[in-house]
1. Restricting to region 62-78, give me the number of residues that are buried (at least 16 other Cβ atoms within 10 Å of the Cβ) and either touching a residue at least 40 places away in the same chain (Cβ under 8 Å) or within 11 Å of residue 187 (Cα to Cα) (or both).
2. Looking only at region 167-181, count how many residues are farther than 21 Å from residue 82 by Cβ and in contact with a helix residue (DSSP H, G or I) (Cβ under 9 Å, 6 or more places away or on another chain).
3. Would you mind telling me which numbered condition in (1) outside any loop (DSSP other than H, G, I, E, B); (2) closer than 21 Å to residue 74 by Cβ; (3) at pLDDT 65 or above residue 163 fails?
4. In region 160-180, what residues are over 21 Å from residue 92 (Cα atoms) and surrounded by fewer than 20 Cβ atoms within 10 Å (Cβ to Cβ)?
5. For region 59-71, how many residues are touching a helix residue (DSSP H, G or I) at 6+ places or on another chain (Cβ under 7 Å) and more than 20 Å from residue 192 (Cβ to Cβ)?
6. Out of 157, 152, report the one residue that is surrounded by fewer than 17 Cβ atoms within 10 Å (Cβ to Cβ) and over 20 Å from residue 56 (Cα atoms).
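The values are calculated or read from the model by the stated rules, or taken from the named source; none is laboratory data. Everything numeric here is computed off the predicted structure, so don't read it as measured data. Cβ atoms come from the backbone with ideal geometry, glycine included; neighbour counts cover every protein chain shown.
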């Protein structure tokens, strides 16, 4: 038996129309004064979404220029995901990469990235990161940076993780960057009051 297309189309449209028309009417009943009074504190106690500064506001381009020893411009990075995370990339004006990424930037001027994962500074996560770094790199690359935040690790030769008040700051420099520990400390100290 052959089904006629008009019948199938008619049944399909009828189903869609009846499903679309089944919206609920708004409730016209009101709560008792006691119920309303109980609901108000519960609504007030609901946690508000925390407002956080962007990474580019945590450390300004002029501050980063002073830390890195050369003029940089700041721009939001690809990991900018408000309100969960923020990222800023600091690089020389006009600097571009053409495939070799951070290796190329090491020779084209100062470069750094800051990423903050709000609420991601769990000490267990940092312990895991440090453990991975210890297993994959020399001990020199995973030395803790004493007194920097609640906990800090130099995860690679050019990357530092810092946990502070439950947040995770990741600072990344160009490959072969010099004085990574000192620069990471200055970056964190500039950002900390704004976090």
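1. Of the residues in that region, 6 qualify.
2. The total comes to 5.
3. Of the numbered conditions (1) outside any loop (DSSP other than H, G, I, E, B); (2) closer than 21 Å to residue 74 by Cβ; (3) at pLDDT 65 or above, the odd one out for residue 163 is (2).
4. Passing the criteria: 164, 165, 166, 167.
5. 1
6. 157
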